[in-house]
Amino acid sequence: MSKKIRWGILSTARINRALIPPIRQSERSELAAVASRNLDKAQAYAKEWDIPTAYGSYEALLADPNIDAVYISLPNTLHCEWTVKAAEAGKHVLCEKPLVPTLAELDQVEAAAAANKVTVFEAFMYLHHPQTRTVQALVREGKVGQVQLVSSWFSFYLPPEQSTNIRLRPELAGGSLWDVGVYPNSMVIAMLGAAPVEVWAQQTIGETGVEVTLLGQMRFSGGPVAQIASSFRMPFRWGTEIIGDAGILTIHSPWKPGSDGADTHVTFTPRDGDPETLTFPAIDPYLCEVQAMEACALDGAAPIVPLSMSRDFLRSVLALYKSAESGKPAIL
């Protein structure tokens, strides 16, 4: 491999626009190709975004020996197939969240990554950002004391009449938990350093048959509890609080810190005393995950979001759905 990662993108999805500028901004990456199942569409997209090479199939891009890593932004149900094929082609993979919707598929991804000695990780951009990593360290160091509760939420309003939206299509693993809910689910696991041991959830099923609101409570070994909320039927809101017996850490902009070019802030409110503000300079979280892939592929670094962590995320999501459907707590 050269001193730069040459990236290819599988699909022309809207979310690509969040990653294309960071790839170009990073000194050790370059954007080399894009693929669509339609060559005309790929060529138009390549022209729009000034991408050197366009392919009319995903297989053609993976066959290109000049591509070192791929970004997969396909629908959830296609993640496993193309992550495995990319790994078998010797490409490193940054795959959009959720990485896969089943444990059997995660087994396939892990096996393919190991057999082909490539890095595969889930594109939780916020977990790569200094804000999140600093808060994780503060929690581990006991800044809030013994953690009692982690509360995290993410919602936005998606009108019922948009029934063809990919987020509302059951055959493509739609639903608020699979979409925005994976953020608070992953946050509480990242902050507490393990998967929950038991979960309980309630859901509201929308017009297309997928859940449009999910509220979950999660119990962790040692006593901490987490509460998460995701919804397509509430106004936009996001946030995270880590509450301990010595204070509270409040993350006001948890998921895309710095992506708008503004500094972000975390508030620590001690049990006794005045609040203090921690300020983080504006750094694009998508740039952070690009640089994380560079470190893995070029320097041999371990992923910040290893597949073992993605397994904990997935086990938790599946248990939440199981509980919501059965009306009973689910044990992991």
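Listed values, structure above:
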quantity: F121, F268, F236 arranged by Cβ crowding within 10 Å, fewest neighbours leading; calculated: F236, F268, F121
quantity: In degrees, nearest ten, helix 285-299 long axis to first principal axis of the chain (Cα); calculated: 60
quantity: 3J(HN,Hα) from dihedral phi, segment 189-200, Karplus parametrisation 6.51/-1.76/1.60, rounded to Hz, x for glycine, proline; calculated: 5, 5, 6, 9, x, 6, 6, x, 9, 7, 9, 9
quantity: Cα-centre dipole for the chain with unit charges at Cβ (Lys and Arg positive, Asp and Glu negative), debye to 20; calculated: 160
quantity: Listed residues G216, G193, G175, most fluctuating in the chain (Gaussian network, C-alpha, under 10 Å); calculated: G193
quantity: Potential lengthening between I166 and R271 on full extension [0.36 nm per residue; Cα-Cα distance subtracted]; calculated: 33.4 nm
quantity: In Hz, Karplus ³J(HN,Hα) per residue of segment 327-332 (6.51, -1.76, 1.60; θ = phi - 60°; x = Gly, Pro); calculated: x, 10, x, 10, 8, 7
quantity: Backbone HN-Hα couplings from phi across segment 259-267 [Karplus 6.51/-1.76/1.60, Hz, Gly and Pro as x]; calculated: 5, 9, x, 10, 4, 10, 9, 10, 9
quantity: Positive dipole terminus of the chain, leading residue within Q227, Y58, G244 (C-beta point charges); calculated: Y58
quantity: Angle between the chain longest axis and helix 103-116 axis [Cα atoms, degrees, rounded to 10]; calculated: 50
quantity: The chain: radius of gyration and largest Cα-Cα distance (Dmax), Å; calculated: 19.9, 63
quantity: Across K47/K117; K4/K256; K143/K256; K3/K47; K41/K85; K3/K143, pairs whose alpha-carbon gap is larger than 28 Å; calculated: K47/K117; K3/K143
quantity: Cut-off under 5 Å, modelled amide H: who pairs with I5 long-range; calculated: S29, E30
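FYI, it's all coordinate maths here, none of it is from the lab. Everything numeric in this text was worked out from a predicted model, so none of it was measured. Quick reminder, even Gly has a Cβ in these numbers, built from the backbone with ideal geometry, and neighbours come from all protein chains shown.
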